[in-house]
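In what follows, a single structure is set out as structure tokens and then discussed.
The values are calculated or read from the model by the stated rules, or taken from the named source; none is laboratory data. Since this is a predicted model, take the numbers as computed values, not measurements. Heads up, the Cβs are rebuilt from the backbone with ideal geometry, glycines too, and the neighbour counts pull from every protein chain shown.
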RNA sequence: GGGCGAGUGGCGGAACUGGUAUACGCGACGGACUUAAAAUCCGUUGCCUGAAUAAGGCUUGUGGGUUCGAGUCCCACCUCGCCCACCA
């Protein structure tokens, strides 16, 4: 008997699959469609690690399952090739990123195939190729043409090592995401001219659509928080003895009567023009000091700081004078950069106490004891309550008075309703070489001119030096031949934009390109995309906010310009866990604790055992710890199935007696039901447990009787078919050994038959006062009287019940019977 | 500080709308096969008392509650993880 040897069969089938195009999706097929994919890979020199193995196996299993169920299943593959790491490597090694990608990506091909992933290689994409980024640039043009792209000078996060702007989400704990070591400097803020996409125009619809998504809940929540919608009002205060005014944003207009002071962010231009001459020295020193402070220092400083400007503003609600302060706890980039402070806010309460500002309570809790404490200013009362000292609004509930006060102030010309978002417009410029050039030309006569579509792509020139030019521009500023061009409008001499596009743009639309990867006359064929959208299954362990939100934004934009029908690109999204080292820490190159999936495969366990273990170890959304002892376990399971099929094939023809046949069919069909439902619901671990259970049962039955016949054939084939998504190579091999000439990987998913799931006898638990005292076999569907009779005829139960008063009997059909007796 | 989630054997983890807690796997122990080992196959394996595969008691982070019955529902607390973090 041949033994299970993955080293032999895995490469064999990988070759056959590749040659026969087993996983090539027919995008115009009449079958129902299904597309399952994981977030595409950023190719680096390191190759895939165990975390990638986990990610991509999840979607591969799904794709395979659906393919077997008869869907036209598409499991695409691509490379997110642009970005900083490759460029940094190029700077260090002096090899162009184009060259290193050309070298690295084929290595990934080998690894992906070795893992047995059912990718459609005919439709492979890579974002750094001109045939792809032509359309990334085209999206920029479309945004531009639809008024969704604009240029502005903004304070931006700046990495002083890479000399480039960083997006908000690239700043982690105050440091650049690429340089977050203890010795790395904090990210700075600098004024930079930037291109932006108006994602904030879609803030509301993105927010509203979030709830109904079939996505991991934590990600939906993160998206909502990221958008951070808050409704309130802008209220304008006139400045005393001055023709200026200050507009503040508040969500608590009902507390306007308690306004004790105004605080301006130090960055505001208004500050200098307002400051009284006798305070200007102090204010200027404060501004200078907070400019020097890094953002982390400002955030770490929980202690509120500020200085008085010497000027007063007039509260439009009651015409009281309130002092105007400058404080760096107010964020310049949110709202108007100015707030009014009052005693009904924790931070302001602290500020009032620290600087001894006079303040008045205008909201009181209903509880009288608490109200007394609030009146005595023992703590900041920030909840809703009854208004006092609030003019005509006194006595009203704060939540009801809020809108009335806004309306009242609006009438007086001092307020307007306003919605603010934490989310800012998407900064899409990067002062880096390794990205898609922005299709803009800077003409001394015509200004910023968008290149016409026929001039796309603007091909990224090959350079030898990729270091940013240091003046804030990318290395492209030195590519003189490329830089100098003519204006598409007037034909005069002009210069190209040296910024490149944020790589998040590349990854925000790639799922559509999978459907038409080589189209050079359009971004994609709309009809094919409309047939295949949305992505049925998407998974990843990162990018809960940025990437997923950007992709949703692009999908909505595409919907508006008629390219797609579905405003939501990903129907289902699974935020799976990561794999950590045994001690729970992250795998990292510097620690040298990484695990190479190919090593596990080469050790002789094979890809099937590795895949199965990764899917079995824990629920998909849990962070699993890598256990080197796990793969031998799933290897053993696969070997057992292998041996079973060998024994079946070597057995002689023969019939089975009815009870054994029945047992076989029951076991198998129960397994089919469980595996089908579990894969559907992303509970792969219990699906595999059920495959193992079934195998164990078949072993027990085989010890009694195994012979070649229809029942055993059905059982072994069903078992092999149901394990195929997890262990595709061995399943294919066994399928062939069982006499099939076509692949197991299409149209083979078994259906279970309900008639094998109903039991004629069931085990019923007998409890006395809720305690388990016995079990009995009884025909299923027995009525209560019958069950009680059966229970009473059990010796043990009878002894428990003898001489006792049965106060109550609870009977759950086919499950349990509970006698409640008096205990004394 | 805010939000979300989770605490189950030696370990990873099962348990449907409350109904046999510990499925499945790892590890450990015993046996068969073998000159021996590996591999394989067959058992045992939550804890305590017990010679016991007799019987009983205890057990899902802690304490209380609801219920005939709670890992599951309610209240309080402890611990851990993740995300956001001065957004007015």
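Among A:10, A:19, which is the only one that is closer than 24 Å to residue A:724 by Cβ, free of Cβ contacts under 8 Å to residues at least 12 places away in the same chain and not in a loop (DSSP other than H, G, I, E, B)? A:19 is the lone residue from the list that is closer than 24 Å to residue A:724 by Cβ, free of Cβ contacts under 8 Å to residues at least 12 places away in the same chain and not in a loop (DSSP other than H, G, I, E, B). Screening A:255, A:251 for residues that are over 30 Å from residue A:573 (Cα atoms) and surrounded by 18 or more Cβ atoms within 10 Å (Cβ to Cβ) leaves exactly one candidate, A:255. Return the residue satisfying two criteria in turn: it lies in the stretch A:752-782 and is more than 15 Å from RNA strand B (Cβ to nearest atom) and free of Cβ contacts under 8 Å to residues at least 12 places away in the same chain, and of such residues it is farthest from the chain's Cα centre (by Cα). Per the stated criteria, the residue is A:755. Within the set A:667, A:634, the sole residue that is under 31 Å from the mean Cα position of the chain (by Cα), part of a helix (DSSP H, G or I) and in contact (Cβ under 8 Å) with a residue 12 or more places away in the chain turns out to be A:634.
Given the condition surrounded by fewer than 20 Cβ atoms within 10 Å (Cβ to Cβ) and touching a strand residue (DSSP E or B) at 6+ places or on another chain (Cβ under 8 Å), answer yes or no: does some residue in the stretch A:709-729 qualify? Looking through the stretch A:709-729, at least one residue is surrounded by fewer than 20 Cβ atoms within 10 Å (Cβ to Cβ) and touching a strand residue (DSSP E or B) at 6+ places or on another chain (Cβ under 8 Å). Taking the criterion of being over 19 Å from the mean Cα position of the chain (by Cα), more than 6 Å from RNA strand B (Cβ to nearest atom) and within 20 Å of residue A:679 (Cβ to Cβ), the residues of the stretch A:613-629 that qualify are A:613, A:614, A:615, A:616. Within the stretch A:684-705, the set of residues being touching a residue at least 60 places away in the same chain (Cβ under 8 Å), surrounded by fewer than 19 Cβ atoms within 10 Å (Cβ to Cβ) and more than 6 Å from RNA strand B (Cβ to nearest atom) is empty.
Among the residues of the stretch A:168-206, those identified as farther than 22 Å from residue A:500 by Cα, at pLDDT 85 or above and in contact with a helix residue (DSSP H, G or I) (Cβ under 8 Å, 6 or more places away or on another chain) are A:202, A:203, A:205, A:206.
Inside the stretch A:411-452, counting only strands (runs of 3 or more DSSP E) that do not spill past its ends, which hold 3 or more residues that are surrounded by fewer than 14 Cβ atoms within 10 Å (Cβ to Cβ) and either modelled with pLDDT under 95 or over 23 Å from the mean Cα position of the chain (by Cα) (or both)? Give the derivation first.
On the way: elements: A:415-421, A:440-443, A:447-450.
Counting at least 3 such residues, we get A:415-421.
Return the residues of the stretch A:366-387 that are at pLDDT below 85 and in contact with a strand residue (DSSP E or B) (Cβ under 7 Å, 6 or more places away or on another chain); say none if nothing qualifies. Within the stretch A:366-387, A:366 is the sole residue that qualifies. Taking the criterion of being under 19 Å from residue A:679 (Cα atoms) and either touching a strand residue (DSSP E or B) at 6+ places or on another chain (Cβ under 8 Å) or within 9 Å of RNA strand B (Cβ to nearest atom) (or both), the residues of the stretch A:630-655 that qualify are A:634, A:637. Considering the conditions (1) farther than 28 Å from residue A:539 by Cβ; (2) within 10 Å of RNA strand B (Cβ to nearest atom); (3) surrounded by fewer than 15 Cβ atoms within 10 Å (Cβ to Cβ), residue A:225 is excluded by exactly one of them, (1).
Could you say whether any residue in the stretch A:326-349 is crowded, with 16+ Cβ neighbours inside 10 Å, more than 14 Å from RNA strand B (Cβ to nearest atom), outside any loop (DSSP other than H, G, I, E, B) and at pLDDT 90 or above? Within the stretch A:326-349, none of the residues are crowded, with 16+ Cβ neighbours inside 10 Å, more than 14 Å from RNA strand B (Cβ to nearest atom), outside any loop (DSSP other than H, G, I, E, B) and at pLDDT 90 or above.
Only residues that are away from RNA strand B (no atom under 16 Å from the Cβ), in contact (Cβ under 8 Å) with a residue 60 or more places away in the chain and part of a loop (DSSP other than H, G, I, E, B) were counted in the stretch A:580-607, giving 3.
Return only the number of the condition from (1) touching a strand residue (DSSP E or B) at 6+ places or on another chain (Cβ under 6 Å); (2) modelled with pLDDT of 80 or more that residue A:771 does not satisfy. Failing condition for residue A:771: (1). Which condition number does residue A:385 fail, the rest of (1) buried (at least 18 other Cβ atoms within 10 Å of the Cβ); (2) within 15 Å of RNA strand B (Cβ to nearest atom); (3) without any contact (Cβ under 8 Å) to a residue 24 or more places away in the chain being met? If we test residue A:385 against (1) buried (at least 18 other Cβ atoms within 10 Å of the Cβ); (2) within 15 Å of RNA strand B (Cβ to nearest atom); (3) without any contact (Cβ under 8 Å) to a residue 24 or more places away in the chain, just (2) comes out false.
In this structure, is residue A:271 closer than 25 Å to residue A:411 by Cα, more than 12 Å from RNA strand B (Cβ to nearest atom) and either surrounded by fewer than 18 Cβ atoms within 10 Å (Cβ to Cβ) or more than 31 Å from the chain's Cα centre (by Cα) (or both)?
Here the answer is no, as residue A:271 does not meet what is asked.
On the given criteria, is residue A:125 over 30 Å from residue A:603 (Cβ atoms), within 16 Å of RNA strand B (Cβ to nearest atom) and touching a strand residue (DSSP E or B) at 6+ places or on another chain (Cβ under 9 Å)? No; evaluated as a whole, the condition is false for this residue.
Among the conditions (1) more than 21 Å from residue A:59 (Cβ to Cβ); (2) in a helix (DSSP H, G or I); (3) in contact with a helix residue (DSSP H, G or I) (Cβ under 8 Å, 6 or more places away or on another chain), the only one that residue A:673 does not satisfy is (3).
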